[in-house]
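Asks: Take a look at this one; I'll ask things after.
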Amino acid sequence: MPIIPFDILIFMIVAVGSINPTKTNPVKKIFSHHFKNVEVVGVSVSSGVKDQPTHIDEAYQGALNRAKAAMKEVKSADYGVGIEGGLHQHKYGWFESSMVVVIDRKGQIGVGSSGGLVLPPKIIKEIQKGKNLEEAVDTLFGTKNVGSGIGMFGLMTKEVVTRSTGVEHGVAFALARFLHPKLYQ
């Protein structure tokens, strides 16, 4: 009988607080870059914040809530990941980015964010009418469910940065806390 190397037997489960592939696929890509045998399980959970967060702290709380809820749903998960997009008002305009929280079984938390951009006034006007970002973008660009595809980032950058590639950066930054644990003690 052949001997199977121990590292092949190790299996990591990462629970993501979303079933949207623009969130689950970047998590799979980043975790698989650092670890072998990663299974990503997306689960539909509530963020516990409003549909369109308008403050960075609210986006962080939504991401944290999603990461914790994902860990609770997937009992065997080694990590939970929450991703929450949000708007953040600055003196130069409304900035959109996603907060990413990675949590482990010990309750340790890593935080990162995607890049972002200042939203055009026309998108902000649609949001002020009560639409969320996806609805506003779909209205103005004539798209449907853009958040499940290239996202607002993809439209605004003409696909240089898509929603998924933006999320990849946030996941990588949040995971850094676990790649260098001694620095965070």
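Asks: Determine if segment 73-85 includes at least one residue that is within 14 Å of ALA174 (Cα to Cα), open to solvent by less than 20 Å² (accessible area, probe 1.4 Å) and assigned to a helix (DSSP H, G or I).
Replies: No - not one qualifying residue is present in segment 73-85.
Asks: Could you check how many residues of segment 138-149 are at pLDDT 95 or above and buried (at least 18 other Cβ atoms within 10 Å of the Cβ)?
Replies: The qualifying residues number 1.
Asks: Here are some conditions: (1) assigned to a loop (DSSP other than H, G, I, E, B); (2) without any contact (Cβ under 8 Å) to a residue 24 or more places away in the chain. VAL161 meets all but one. Which one does it not meet?
Replies: (2)
Asks: Continuing with the same structure: In segment 119-137, which residues are in contact with a Gly (Cβ under 9 Å, 6 or more places away or on another chain), in a helix (DSSP H, G or I) and either buried (at least 19 other Cβ atoms within 10 Å of the Cβ) or aliphatic (A, V, I, L, M) (or both)?
Replies: Within segment 119-137, ILE124, LEU133, GLU134, VAL137 qualify.
Asks: Let me ask another. Taking segment 152-185 as the region of interest, how many residues are open to solvent by less than 50 Å² (accessible area, probe 1.4 Å) and not hydroxyl-bearing (Ser, Thr, Tyr)?
Replies: Counting residues in segment 152-185 that are open to solvent by less than 50 Å² (accessible area, probe 1.4 Å) and not hydroxyl-bearing (Ser, Thr, Tyr) gives 15.
Asks: Here is a follow-up. If you go through segment 33-71, how many residues are part of a helix (DSSP H, G or I), surrounded by 13 or more Cβ atoms within 10 Å (Cβ to Cβ) and free of Cβ contacts under 8 Å to residues at least 24 places away in the same chain?
Replies: Counting residues in segment 33-71 that are part of a helix (DSSP H, G or I), surrounded by 13 or more Cβ atoms within 10 Å (Cβ to Cβ) and free of Cβ contacts under 8 Å to residues at least 24 places away in the same chain gives 1.
The values are calculated or read from the model by the stated rules, or taken from the named source; none is laboratory data. Note that the structure is predicted; figures quoted are calculated from it, not measured. Cβ: placed from backbone, ideal geometry, glycine included. Neighbour counts: every protein chain shown. We work out accessible area using only protein heavy atoms, side chains counted, and drop any ligands, DNA or RNA first. Shrake-Rupley method; radii C 1.70, N 1.55, O 1.52, S 1.80 Å.
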